[in-house]
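See structure below.
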Amino acid sequence: MKRITVLLAEDHMIVREGFRKMLELEDDFEIVGEAQDGRAAVALVKKFHPEVVLMDIAMPLLNGLEATRQILKVVPTTKVLMLSAHSDEAYVKNATDSGAMGFLLKQTSAYEVCRAIREISKGETFFSPSISKRLDHQNKKSPDRAGLPIRKNIELTSREMEVLQLIAEGKANKETASELGISIKTIEKHREHLMDKLDIHDTAGLTRYAISTGVIENSVQLTIV
């Protein structure tokens, strides 16, 4: 039997271990690596070329959205299944915009997680039942919206996404510059560009935007059913 190779990207060890033990009970899955932050996930995908990445949307150093974009640039055959404790429409839309093939709530049953991995490994999309039901309802009301809300499309570069995440996590310019290996002056320029693009002119506003779009989460529920 050909096994589906899976990479687990989740910063909470207890959650990651739960997923690993759950998947190890299935004969058709092979865990090829585990990452506790977004940058490690990108590096491990480059190394192992897994068929599926189970990706937490809120990851330290590099969030799941940007990690997914970078993964698909280097290994476009890898499929990403996004995980979140939240089902906000903005989260789902940003996940699919980043290239994720599916979106699961962390409260999803083990059966649904395994089913989702199998489906997206075949190139199919998969959403948690509650999200799928909501999207079907929205499709019937407005088919041209593809089940997701139409909103102004604001394109941020990969570097701007990294800077936004670190700002939202409370890092000062000096810390952000050190983390990314660039100058404080460059960080200040990125901050200015972010504020101009988003029409947000204070750190608190940038933080609220990052939370509302899934760049960071203000709380994470550690529940696997």
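The values are calculated or read from the model by the stated rules, or taken from the named source; none is laboratory data. Keep in mind that what you see is a predicted model, and the values were worked out from it rather than measured. When we count neighbours, we look across all protein chains shown, and the Cβ atoms used for this are built from the backbone with ideal geometry, even at glycine. Ligands, DNA and RNA are excluded from the accessible area calculation, which covers all protein heavy atoms including side chains. Shrake-Rupley method; radii C 1.70, N 1.55, O 1.52, S 1.80 Å.
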Item checked: Conditions (1) farther than 18 Å from residue 109 by Cα; (2) open to solvent by 20 Å² or more (accessible area, probe 1.4 Å); number of the one not met by residue 18 -> (1)
Next item on the list: Within region 8-41, count every residue that is in contact (Cβ under 8 Å) with a residue 60 or more places away in the chain and part of a strand (DSSP E or B).
Entry: 1
Item checked: Subset of region 37-55 (residues that are at pLDDT below 95 and in contact with a strand residue (DSSP E or B) (Cβ under 9 Å, 6 or more places away or on another chain)) -> 37, 38
Margin query: For the list (1) at pLDDT 95 or above; (2) under 22 Å from residue 160 (Cα atoms), I need the number of the one condition that residue 93 fails.
Written below: (1)
Notebook entry, point to check: Which condition breaks for residue 68 when tested against (1) in contact with a Leu (Cβ under 7 Å, 6 or more places away or on another chain); (2) within 19 Å of residue 160 (Cα to Cα)?
Noted result: (1)
